[in-house]
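Participant: Sharing a structure below in structure tokens format, with a few things to ask.
The values are calculated or read from the model by the stated rules, or taken from the named source; none is laboratory data. It should be emphasised that the depicted structure is a prediction, and the values quoted were computed from it without experimental measurement. Please note: Cβ atoms are built from the backbone with ideal geometry, for glycine as well, and neighbour counts cover all protein chains shown. Accessible surface is based on the protein model in full, side chains and every heavy atom, while ligands, DNA and RNA are left aside. Shrake-Rupley method; radii C 1.70, N 1.55, O 1.52, S 1.80 Å.
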Amino acid sequence: MSCDIGLYGLAVMGQNFALNMASHGFKVCVGNRSPSKVELTVNRAKEEGDLPITGSTSPEDFCKQLSKPRKIIILVMAGKPVDDTIATLSQYLEAGDVIVDGGNEWFHNTLRRAKELEPKGIHFVGMGISGGEEGARNGPSLMPGGPKEAYDLIEPIITKCAAQVNDGPCTGYLGPVGAGNYVKMIHNGIEYGDMQLIGEIYDIMKTVLKISNEEMAKIFHDWNSTELESYLIEITAKILAKKDDEVTGEGYVVDYVLDKTGMKGTGRWTIQEAAERSVAAPTMSASLDARYISARKDERVKASTILKGPDVTAAEIPIHKGQLLDDLRAALYCSKVCSYAQGLGVIKSCSDDMNWDIDLSECARMWKGGCIIRAQILQKIQDALARDKNLPNLILDPVVAGELNERSAAWRRVVAVAVGYGVPTPALSGSLNYFDSYRRERLPANLTQAQRDFFGGHTYERIDRDGVFHTAWTEAHKSIGDINERKAGEL
């Protein structure tokens, strides 16, 4: 049969997305380096309702089975495997065909690949896919970026296969090539921050309040019916409630999990990009640092016998359980808002630099279903960004600002308690510091700039008059010549 679309790369994500497309009536041809994965996927299609999936015996056979213009989604490991797959398949493609890379890829690689395929007239689309294995099968968030002509060819398929929410499918055209991978990368950075924030709340509950896993599971379950409703809160409740029945038969699985967090690199890319764009992202940065520190388990074990934390009692820092739980809920909400604000700020900065014209409210809409960071809060974020397309920062929206102001006292109490009891809260604290720095009309940066002028003659601006200035701070300071030349190289 002539297939509507091809999917090459049949690890679990690839298999599930192929089955997803077939479940929506599209004829899918599947291919893989190892024939066993092709056979497995075809058999799954038969078992799951005789879905219209056909296998292929080689890259050439794979491409021959596709209707023209051919549309191919590749889901292989990022980096060289993507280049190798494109090189193999493109031999059998022609002008007007479309290759969609659905992996987590560094956007500069996407830009390079699109350029390399231009002479052949093959369109290249980078499409972020979020939702894990379950989302790939039942409806993920799909974030495509590429030529509009290519998007129009895949749009009928991806809009049906994406997660569906109240205002449509969780996909849409984000912009030129690179935009989709970029938005997915920042999505993952926000995901890092969100997970770290939840981990810090869990740590305070466990360390300060001494709450059992069973009770914590109920608290997170209840929070999932509030403004904190989200996929990550939902699974946190399930994780905390899971008993270790299959291995030890005692306790809870989470307590047996080694406290070393792995990562695939997208969080690092996010922070690199935030630095490149000069956008502050302390929540996401703190989450990355926390993973680095967690990886040094042996060092931490040794440090625990040498370095001492505070030895406080409830009399010294009184704790009222009900009040602190309410405060934790408020602090988590505020910190999540700031994390989203930082991520969206990075997207906006890059979009402006690259002339991508990414609609931030569309990003929020696409994230409302299917993806790992789906949350009730995204509706408020979408509304805020739709109200004012030129909003410089999410937290300046009147509705959002009002919620942060209302909860700020609780937020501060949580950070103060954590510091008092020696519980590290880099993401919660980073979010609060972001809020406090952004709301200040005047920061101590005047002293920092004066120091730069003192030791390096970097000059400064004044608040009482226009121009660029330098001060001879001591008798040892000499004239620095043309002051304007000293500003060269400033970011």
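Participant: Can you give me the % of accessible surface on the chain that is carbon or sulfur? Probe 1.4 Å, all protein chains present, nothing else counted.
Facilitator: Here it works out to 52 percent.
Participant: On a 0 to 90 degree scale, rounded to 10, what angle separates helix 282-295 from the longest Cα axis of the chain?
Facilitator: 80 degrees
Participant: Can you give me the long-range amide H partners of Ile211? Hydrogens built in the peptide plane at 1.01 Å from N, cutoff under 5 Å, separation of 5 or more residues or another chain.
Facilitator: The answer is Lys206.
Participant: Please give every one of the lysines within straight-line cross-link reach of Lys120, meaning a C-alpha to C-alpha distance under 19 Å, and leave out same-chain neighbours fewer than 8 residues apart.
Facilitator: Output for Lys120: Lys64, Lys68, Lys71, Lys148.
Participant: Of (1) 81, 70, 47; (2) 232, 81, 45; (3) 107, 55, 45, which is the value of Cα extents along the principal axes in Å derived from the coordinates here?
Facilitator: Answer by label: (1).
Participant: While we're here: 222 nm [θ] for the chain, helices only, -39500 (n - 2.57) per DSSP H run of 4+, per residue, to 500?
Facilitator: After summing the helix terms and dividing by the residues of the chain, the value is -17000 deg cm²/dmol.
Participant: Hand me the trypsin sites (Lys or Arg not before Pro) from the stretch 275-356 located in a DSSP loop with no more than 10 other Cβ atoms within 10 Å, in residue order please.
Facilitator: Lys308
Participant: Averaged per residue, what accessible area in Å² does the stretch 57-181 show with a 1.4 Å probe, protein chains only?
Facilitator: Spelled out: the 1.4 Å probe surface of the stretch 57-181, per residue, equals 38 Å².
Participant: Which longest uninterrupted range of the chain lacks any GluC sites (Glu not before Pro) assigned by DSSP to a loop state (not H, G, I, E or B) and surrounded by at most 12 other Cβ atoms within 10 Å?
Facilitator: Longest run free of exposed loop sites: 1-245.
Participant: What is the distance in Å between the Cα centres of the stretch 63-135 and the stretch 183-257?
Facilitator: 36 Å
Participant: What number comes out for accessible area per residue over the stretch 312-384 if the probe is 1.4 Å? Units Å², please.
Facilitator: The answer is 34 Å² per residue.
Participant: Distance check, please: which entries in Lys242/Lys368; Lys206/Lys260; Lys242/Lys302; Lys184/Lys206; Lys297/Lys321; Lys160/Lys184 exceed 25 angstrom between their Cα atoms?
Facilitator: Where the Cα-Cα span goes over 25 Å, the pairs concerned are Lys242/Lys368; Lys242/Lys302; Lys184/Lys206; Lys297/Lys321.
Participant: Another question, if that's okay. Out of all DSSP beta bridges in the chain, what portion is antiparallel? Express it as a percent rounded to 5.
Facilitator: The answer is about 35 percent antiparallel.
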